[in-house]
Amino acid sequence: MYLLEDKIRRQGIIIDNRILKVDSFINQQLDPDIYREIGERMAQHFAARPLTKILTIEASGIAVALATAYELHLPVVFARKQSQSVMTDDLHRTQIHSYTKDRDYQVTVAKEFLGAGEHVLIVDDFLAQGEAALGLARLVETAGSQVAGIGIGIEKSFQPGADRIRRAGYALHSLVRIAAFADNQVVFAD
C-alpha cells in the first residue's frame with residue numbers, strides 16, 4: 001500500500017458523506033513524505049509524454065503540481081481564483097464552480113505564462129465533479145495549447161468528474177481512487 005492511501009485511511013475525515021477532509025497532510029498542513037510520493041508517482045506516469053508545463057489552480061493544487069514539477073523538471077503555472085489588481089486583456093479567463101465551497105470563481109492565467117504551442121499537464125489535489133480540471137483544460141485550449149494529460153491526487157470515483165473528463169477526451173490518471181464512503185470509512189477503488 002502506498003503512503004497516501006494509508007494516510008487517508010488513518011487520518012482522513014469524512015464530512016456529510018461527501019467531502020474527505022485531509023487537512024492534516026494535504027490541504028492545511030503538508031506532509032513532505034506524502035508530497036514526495038505524489039511527485040514521484042505522478043512523474044512516473046506522465047514522464048513519457050511531451051510535456052512543457054504544468055498547470056494547476058490555487059491553492060491546494062499548487063503543492064501537488066510543484067511536487068510533480070520537481071520530478072519532471074518543468075515550470076508550474078497556477079490559475080488564480082482571486083481578482084487581479086490590474087485586469088487587462090493579457091489574461092486567459094474562465095469560470096469554475098467549486099464543489100467543496102459551492103461557489104463560482106472567475107479564474108485567470110496570464111497569457112505570458114500560458115501561450116500557444118505548449119503541452120500542458122494539468123494537476124490538482126482532488127477530483128469530484130471535474131469542474132476545476134475541465135476549466136483548466138478550457139484555459140489551455142484558449143491559449144492555443146494542448147492538454148497532455150490530467151493528473152489527480154485523490155479521485156472520488158463515485159462522483160461524475162472522472163467520467164466527464166474521459167468523455168471530453170482527456171487522458172486522466174488518479175493516484176488514489178475512492179469508490180465510496182461507507183460507515184464513516186473510505187472504500188478504495190481497484
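Values in this text are rule-based calculations from the coordinates and carry no lab data. Just so we're clear, the structure is a prediction, and the values are computed from it rather than from any experiment. No Cβ is skipped: glycine too gets one built from the backbone with ideal geometry, and neighbour counts run over all protein chains shown.
Observations on the structure shown:
- Of all residues in region 139-190, exactly one satisfies the criterion of being in contact (Cβ under 8 Å) with a residue 24 or more places away in the chain, aromatic (F, W, Y) and outside any strand (DSSP E or B), namely Y170.
- Within region 1-17, residues that are without any contact (Cβ under 8 Å) to a residue 12 or more places away in the chain have Cβ atoms under 7 Å from residues that are of a type outside the set (V, I, T) in these pairs: I13/K21; I15/K21, counting only partners at least 6 apart in sequence or on another chain.
- Condition check for K111: more than 14 Å from D124 (Cα to Cα), over 16 Å from the mean Cα position of the chain (by Cα) and free of Cβ contacts under 8 Å to residues at least 40 places away in the same chain: yes
- Only listed residue being surrounded by fewer than 18 Cβ atoms within 10 Å (Cβ to Cβ), of a type in the set (S, T, N, Q) and either touching a residue at least 24 places away in the same chain (Cβ under 8 Å) or touching a Cys at 6+ places or on another chain (Cβ under 8 Å) (or both), chosen from Q82, Q28: Q82
- Just one of the listed residues (L134, L121, L114) is touching a helix residue (DSSP H, G or I) at 6+ places or on another chain (Cβ under 8 Å), crowded, with 18+ Cβ neighbours inside 10 Å and within 18 Å of Y99 (Cβ to Cβ), and it is L134.
- Hey, E58 touching a Phe, Trp or Tyr at 6+ places or on another chain (Cβ under 7 Å) and either exposed (fewer than 15 other Cβ atoms within 10 Å of the Cβ) or in contact (Cβ under 8 Å) with a residue 40 or more places away in the chain (or both) or not: yes
- Within region 133-145, the only residue that satisfies the criterion of being of a type in the set (G, A, S) and either closer than 17 Å to L20 by Cα or in contact with a Leu (Cβ under 6 Å, 6 or more places away or on another chain) (or both) is A143.
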